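Below is one structure, written out as structure tokens, with a few remarks after it.
Laboratory data are not the source of any read-out in this text; all were calculated from the coordinates shown. None of the values given here were measured: they were computed from a predicted structure. Cβ coordinates were reconstructed from backbone atoms using ideal geometry, including for glycine residues, and neighbour counts include every protein chain displayed.
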Amino acid sequence: SSRRSYEFIEVSEPRPGVGQVTINRPKALNALCTPLITELNTALRAFQASPTVSAVVLTGSARAFAAGADIKEMAPLTFSGAYTTSFIESWSDLTTALKKPLIAAVSGHALGGGCELALMADVLYCTPTANFGQPEIKLGTIPGAGGSQRLTRAVGKAKAMELILTGKSFSGEEAERWGVAARVFADYDALLEGALATAEVIASYSRVAVQAAKEVVNKSQDLGLRDGVEFERRVFHSLFGSEDQKIGMRAFAEKKKPEWKNE
Ligand code: CO8
């Protein structure tokens, strides 16, 4: 794949079918300045377009996934400036640019925009000592990249309200107990290994089915149960039009390993 050079992230393909983006702005604990978000969007778009990548892992360092939006960049912003340039809106591109599964591997600080970024991922893994939180209230503002919505869906109103109103952090252990994180791993190395291994498993399946699975689960966050179940059934029906459904079910009957065509 074509290697671009980035200033704030590192991009690699460490395993067959797996792309990795590592946020790399150590001097600012991976604070998410606008150029960093632009690079992240570019990298995710490239992985979306890549014929060799089926799933993506997003991580930071052992010390910080991301310590938030860049406070020094935001400090002088005005209402009219933020409003007319749609400040932060491009962050939403992260959730729409990539139809392939995104696994966040979170160690250290995941605060403010960093917590929101982690919550945008399809699967969230972390270490027990990961430090999540929405501390914006302490800065005289509120979450701006979906935190009040995604965290509330993830942990329920009672906990989300307490967290967002107090700015109190929660640990990776709590994140796992509350269902925010799918799994915790002892340390950063085990975390990254676990995330890459899961990405590899996902990459071993039909890309058509994987994209459909991600799409239907995400729909559950937007639709009521009746509409959601109906949407799922429509997509399920449509997969009978895929080559891979035939390949997968035939291989099962023949007790063979399916050779996906991604068609
Ligand atoms: N923005 C800019 N710089 C940062 C940020 C940040 N969010 N976080 C850390 N840094 C910088 C520090 O300023 C410091 O730089 P320098 O060495 O030049 O002084 C360097 O990173 C190291 O940080 P510390 O010395 O503070 O390290 P500690 O280990 O003592 O503390 C903490 C770590 C607790 C993480 C501390 O740095 C901290 O509290 N950071 C701010 C956390 C925070 O409030 N995050 C929320 C920001 S607001 C936000 O995200 C709003 C989201 C809105 C939507 C997103 C739109 C983009």
How far apart, in nanometres, would the label points at Ile142 and Ile71 be if each is projected 7 angstrom from Cα along the Cα-to-Cβ direction? 2.1
From the residues Leu58, Ser80, Gly140, which one has its Cα farthest along the dipole of the chain in the positive direction, the dipole being from +1 and -1 charges on Cβ of Lys/Arg and Asp/Glu about the Cα centre? Leu58
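Using +1 on the beta carbon of Lys and Arg, -1 on that of Asp and Glu, and nothing else charged, what's the dipole of the chain about the Cα centre, debye to 20? Write down the numbers at each step before the final one.
Working: 30 positive and 29 negative charges, 83 e Å.
Dipole size: approximately 400 debye.
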Mind pulling the angle between the C-alpha long axis of helix 34-49 and the longest principal axis of the chain? Nearest 10 degrees, somewhere in 0 to 90. 0
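Assuming R0 = 25 Å, can you tell me the calculated FRET efficiency for the pair Asn218 and Ser86, based on Cβ-Cβ distance, to the nearest 0.05? Don't jump to the answer; show the numbers that get you there.
Details: r = 23 Å, r/R0 = 0.91.
Between Asn218 and Ser86 the formula returns 0.65.
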Straight-line reach check, Lys138, cutoff 30 Å on alpha carbons, 8 or more apart in-chain or any other chain, hits among lysines -> Lys27, Lys72, Lys157, Lys159, Lys168
Compactness of segment 1-82, expressed as Rg and Dmax over alpha-carbon positions, Å: 14.3, 46
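Would you mind giving the three semi-axes, in whole Å and largest first, of the ellipsoid equivalent to segment 200-241 according to its Cα gyration tensor?
Values: eigenvalues 86, 34, 5 Å².
Working through the eigenvalues yields semi-axes of 21, 13, 5 Å.
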Can you sort Tyr205, Tyr83 by how many other beta carbons sit within 10 Å, fewest first? Tyr83, Tyr205
Could I get the Rg over Rh figure for the chain? Both from C-alpha atoms, Rh via Kirkwood, rounded to two places. 0.99
Sum up the charges of everything whose Cβ sits under 13 Å from the Cβ of Ser242, counting Lys and Arg as +1 and Asp and Glu as -1, but leave Ser242 out. +1
Post the alpha-carbon centroid distance, segment 52-74 to segment 149-196, in whole angstrom. 15
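Taking 8 Å as the Cα distance limit and 6 or more residues as the minimum spacing, I'd like the relative contact order of the chain as a percentage.
So the answer I get is 16 percent.
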Farthest toward the dipole's positive end in segment 57-174, which of Ala118, Leu98, Met161, given Cβ charges of +1 (Lys, Arg) and -1 (Asp, Glu) about the Cα centre? Met161
With labels modelled as points extended 7 Å from the Cα through the Cβ direction, what inter-label distance (nm, one decimal) is found for Asp189 paired with Ala62? 0.9
At 7 Å along Cα-to-Cβ for each site, give me the label-to-label distance between Ala158 and Glu259 in nm. 5.5
Within straight-line cross-link reach of Lys261, lysines at Cα separation under 22 Å, skipping those fewer than 8 residues along the same chain: Lys99, Lys100, Lys214, Lys246
Can you give the relative contact order of segment 6-144 as a percent, counting alpha carbon pairs under 8 Å and 6+ residues apart? 23
Once both axes come from the Cα atoms, what is the angle between helix 225-239 and the longest principal axis of the chain, in degrees from 0 to 90, rounded to 10? 40
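Where both residues lie in segment 1-64, what percent of DSSP beta bridges are antiparallel, nearest 5? Intermediate results must be reported in sequence, preceding the final value.
Working: 5 of 10 bridges.
In segment 1-64, DSSP labels about 50 percent of beta bridges as antiparallel.
May I ask you to sort Arg177, Arg207 by Cβ crowding, counting other Cβ atoms within 10 Å and putting the fewest first?
Details: Arg177 13, Arg207 21.
Arranged by neighbour count, lowest to highest, Arg177, Arg207 become Arg177, Arg207.
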Quick one: helix 243-253 against the long Cα principal axis of the chain, what's the angle to the nearest 10°, folded into 0 to 90? 60
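Among Leu111, Leu225, rank each residue by its count of other Cβ atoms within 10 Å, from fewest to most, as a rough exposure measure. Walk me through the numbers on the way to the answer.
Working: Leu111 25, Leu225 8.
Arranged by neighbour count, lowest to highest, Leu111, Leu225 become Leu225, Leu111.
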Total charge of the residues flanking Ile71 in space, meaning their Cβ is under 13 Å from its Cβ, with Lys and Arg +1 and Asp and Glu -1, is -1
The chain - share of DSSP beta bridges that are antiparallel (%, nearest 5): 25
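Rounded to whole Å and sorted largest first, what semi-axes of the equivalent ellipsoid does the C-alpha gyration tensor of segment 81-185 yield via the square root of 5 times each eigenvalue? Intermediate values should be presented prior to the final figure.
Values: eigenvalues 90, 65, 25 Å².
Taking √(5λ) for each eigenvalue gives 21, 18, 11 Å, largest first.
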